[in-house]
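For reference, the structure discussed in these notes is given below.
The values are calculated or read from the model by the stated rules, or taken from the named source; none is laboratory data. Keep in mind it's a predicted model, so treat the numbers as computed, not measured. Here the Cβ is made from the backbone with ideal geometry for all residues, glycine too, and neighbour counts use every protein chain on show. Heads up: the accessible areas ignore ligands, DNA and RNA and are worked out on the full protein's heavy atoms, side chains in. Shrake-Rupley method; radii C 1.70, N 1.55, O 1.52, S 1.80 Å.
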Amino acid sequence: MFCIIDIESTGGSYGKEGIIEIAIYRYDGDEVVDQLISLVHPERSIQPYVTKITGITEQSLRRAPRFHELAKRIIQITEDAVIVGHNVEFDYRMMRQEYNRLGYVYERKTLDTIKLAEQLIPGLKSYGLDRVCDELGIFRTHKHRADSDARATLELFRILQEKDRRKDINMLGQSVNEPDALKDKLNDLKRSVKKGRGLFYLYDVQGNLLYIGISDNVRQAVNK
């Protein structure tokens, strides 16, 4: 079972963004069996450039549900499913970030249609959703809106299924990223590290000190 997802966010500083629109299509490999499409009140400001490209304003979100009002439904619709997205790392991070704010650990398997398209449709000049849709004739009613982009990603996923002669997708082969609580936590910690000069300590899972470092760019040093 797959859940094709697309999220629009407020934009802004890393880790401080909020979801303003979400679309999820639960797909059994043949047809859509469930769906969730909703604006989301982010409880924070929307960056002007986001309003410009999406058309979503703070006023249009006044009566939209907060994320906590949708949280249970999202868990239900994505249960036992692989999260599929175009640059799924962003959508998955936004989901986990919102659940972290509620004190809940959200984990699912993920599958990125960018990586799949690179494998199964080689030779494209780029693999952004706009270019892939143009190349494959996938129509979108409204670019940069969650429902339209999720539908386009679903159509792309169906095309990729047809081209996947080894059936790795349906068999959850090597393209699927397994959930790993420690890995997700580590990635979240790395992303939260600020740029700039500082001192940092690295510990193993038992709490033993492994390394002490100082750098003019702590984020870059930690990522190494």
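Checked against the criterion of being among the hydrophobic types (A, V, I, L, M, F, W, C) and either farther than 22 Å from Thr153 by Cα or free of Cβ contacts under 8 Å to residues at least 24 places away in the same chain (or both), segment 48-55 has no qualifying residue.
Of the residues contained in segment 88-109, one or more are found to be within 16 Å of Thr153 (Cα to Cα), touching a Gly at 6+ places or on another chain (Cβ under 8 Å) and crowded, with 16+ Cβ neighbours inside 10 Å. Scanning segment 124-140 for residues that are closer than 30 Å to Pro65 by Cα, in contact with an Asp or Glu (Cβ under 8 Å, 6 or more places away or on another chain) and not in a helix (DSSP H, G or I) gives a single hit, Arg140. Counting only residues that are under 21 Å from Ile5 (Cβ atoms) and small (Gly, Ala, Ser), segment 112-129 holds 2 of them.
The single condition among (1) open to solvent by 10 Å² or more (accessible area, probe 1.4 Å); (2) in contact with a Gly (Cβ under 8 Å, 6 or more places away or on another chain) that Gln59 does not meet is (2).
At least 3 residues that are at pLDDT below 90 and more than 9 Å from the chain's Cα centre (by Cα) in each: list the helices (runs of 4 or more DSSP H) lying fully within segment 67-123 that qualify. Lay out the reasoning, then the answer.
Values: elements: 67-78, 88-101, 113-120.
So the answer is 113-120.
Scan segment 26-44 and report the pairs whose first residue is surrounded by fewer than 16 Cβ atoms within 10 Å (Cβ to Cβ) and whose second residue is aliphatic (A, V, I, L, M) and assigned to a loop (DSSP other than H, G, I, E, B), with Cβ atoms within less than 7 Å and a gap of 6+ or a chain change. The qualifying pairs are Asp28/Met1.
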